[in-house]
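Some notes on the structure that comes next.
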Amino acid sequence: MKNDRFISIGMLIILLSSFEAVRSQNMTIIHDTIYSEILKEKRAIEIMLPGIQKTNTNERYDVLYVTDGEWNTKIVSPIYEFLADKWLIPKNIIIGVPHNNLEGVNLRERDLIPPHDNVPLSGRADNFLSFFKNELIPYVNKNYPTSGKNTICGGSLGGVFIIYALLSEPQLFDSYIAGDPAFWWDDYYINKFAADKLHNFSDTKTLIMTGRGTKDGSDFRSMGIYSMDSIITAKAPSGLHWKSLPYLDETHRSILLKTIYDGLRFTYHGYGEQIGFNPMNGVLLRNKPIRILPEDNSYHLNLRYTTDGTEPTETSAEFRGMDLTGGVTLKLKLFSPSGRFDQTVTGNFKLGDVFPALSKPKNIKPGGLTYLYFQGEWNSLPNFKNLKPDESGSIGQIYNSYGEFNFPKQPKLTCRMEGYLEIKEDGYYSFLIDTDAETKLYINDQLIIAYNGVDKNKGFQTYVLPLEKGFYAVRLEHFQKKRGSGLRFNYVPPGLKPMPIPLNFLYSSPVSKTK
């Protein structure tokens, strides 16, 4: 079917209708007005509050200001809703700012165009910006639970105003999203203004500009976006992280949809991410390298690393996986455009020897480790010495096909699993625990992984050991302080991906007194 890659008008109407339904269900919409002494007129504003939890009265929210609110808010809000529902961005308060009419003439040109324009009823962007600074933003901050982090978005003339705000009052907003901005207005005045005014920023700012991209680049150039990008590149202001994106096959009317999506993703790039590499710690042999890989969901992130223990910078080598051998301190850092979601993780790899195997123990049975449940009033892993288990059995009964343990859903339960692991071939083996509770892993009575159950970003732990063919004593200790605390236990054999340890490789022994 010709042009079947484009959304039909009927389909678009259905989508927008469903978006509006979601919008009304998940957000509280308030229609308010404030009188502006600066503009000498009453201004309508549409306030959209996220689903605020009454039990968490201390939660604060970033604010997303929308220019041309009379039509743009209906475009912005469902895109925001989608991203927030998928945990790709945090919850925001949305403030739609429509423009007034005078004798049937919309005053958006007056509000959005900077001074030095000769068109009647235009060129008062300084007043409109002052309205934001001295009246609107203080009003929102006073009456709603705001975090102090503000984003402004809009298109066309709104994009001109957004750049004017960045240059004139950079402290008002942290992020700027401009769709197909009409930089050509008044003989590219805003570009000249930027060339004179652009300077370093004391705080980190993010900016995304989008335009209609044609194969010959004419739209991107005629709107002045290419020129603005060149000015920013030449000035290279510190603290400003920006992108210019051309969209092929879009129009001036359609471009805002993609702009808002990409703009919010760029603004909150790194939000909710948990970076890491696998394995994250362990023992390496001198002349036998191992491949270190980033987490599968982190390839789209700006990750930089060092191997000497120093803090990575944005000029450090990009991390997409590497071979390591011997003793190394690997530091990995996520750099987010806003700087708000930067994070660093460290892995320590020691130079060592092959971990020796045991002779095959007597009286062991394949099919899983032995588990022992203990109940008591503890606040952390107890000393198991002389404790009597309340229940025991084989983990084959509680270990599922994902390598997860199905513990009873009761608070303050301690579980100890012990037995032997058979290694079928020599090589590097990584052990993995993923948990939200205090957990320890021992191999041959040596503590390999210890997680305290506190730092949620460190619940996923891996450790690599050079093992030889044979048997190894394995012990897992897990303290469940709340109902349903989970634990996943996997390993990574040589050349393979993380997987549950086959039950026929795990052996139980007669229940022994705890060590």
Restricting things to Cα coordinates, could you compute the convex hull volume per residue of segment 365-508 in Å³? 105
Rounded to whole Hz and in sequence order, give me ³J(HN,Hα) for segment 194-209 from the Karplus expression 6.51 cos²θ - 1.76 cosθ + 1.60, θ = phi - 60°, writing x for Gly and Pro. 5, 4, 7, 9, 4, 8, 5, 10, 6, 10, 6, 10, 10, 9, 10, 10
To the nearest 0.05, the calculated FRET efficiency linking D85 and S202 through their beta-carbon distance, R0 being 30 Å, is 0.30
Based on the mean of other beta carbon atoms within 10 Å per residue, what is the order of 200-213, 281-294, most packed first? 200-213, 281-294
Tell me which of W378, Y451, P181 sits at the most positive position along the dipole axis of the chain, charges placed on C-beta atoms (Lys, Arg +1; Asp, Glu -1). W378
Around L39, what is the net charge, scoring Lys/Arg as +1 and Asp/Glu as -1 over all other residues with Cβ under 10 Å from its Cβ? +1
Taking every alpha carbon pair in segment 277-351 and sorting the distances into 5 angstrom bins from 0 up to the bin holding the longest one, the percent per bin comes out as 3, 17, 28, 25, 15, 7, 3, 1, 0
On Cα atoms only, tilt of 255-267 relative to the major axis of the chain in degrees: 50
Under the definition of Cα pairs under 8 Å and six or more residues apart, what whole-number percent is the relative contact order of the chain? 10
Can you tell me the 0 to 90 degree angle between the C-alpha axis of helix 9-26 and the longest principal axis of the chain, rounded to 10? 70
Can you tell me how much longer the chain between Q446 and T329 gets when fully stretched, taken as 0.36 nm per residue apart minus their C-alpha distance, in nm with one decimal? 40.0 nm
Can you tell me the convex hull volume per residue for segment 255-380, based on C-alpha atoms, in Å³ to the nearest whole number? 239
Which value in nm describes the separation of the simple spin-label points at K469 and Y299, placed 7 Å from the Cα toward the beta carbon? 3.5
Can you give the angle from 0 to 90° between the axis of helix 225-235 and the longest principal axis of the chain, with both taken from C-alpha atoms, to the nearest 10? 70
Could you work out [θ]222 nm for the chain from helices alone, using -39500 (n - 2.57) per DSSP H run of at least four and dividing by all its residues? Round to the nearest 500 deg cm²/dmol. -6500 deg cm²/dmol
Ellipsoid semi-axes in whole angstrom, largest first, where each is sqrt(5λ) of the Cα gyration tensor of the chain: 57, 26, 20
Simple spin-label model, 7 Å along Cα-to-Cβ: D390 to K258 in nm? 5.9
Rounded to the nearest 0.05, what FRET efficiency do K362 and L167 have when you use their Cβ-Cβ distance and R0 = 56 Å? 0.10
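Laboratory data are not the source of any read-out in this text; all were calculated from the coordinates shown. All values derive from a computational prediction rather than experimental measurement. Here Cβ is always computed from backbone atoms with ideal geometry, including for glycine, and neighbour counts include all displayed protein chains.
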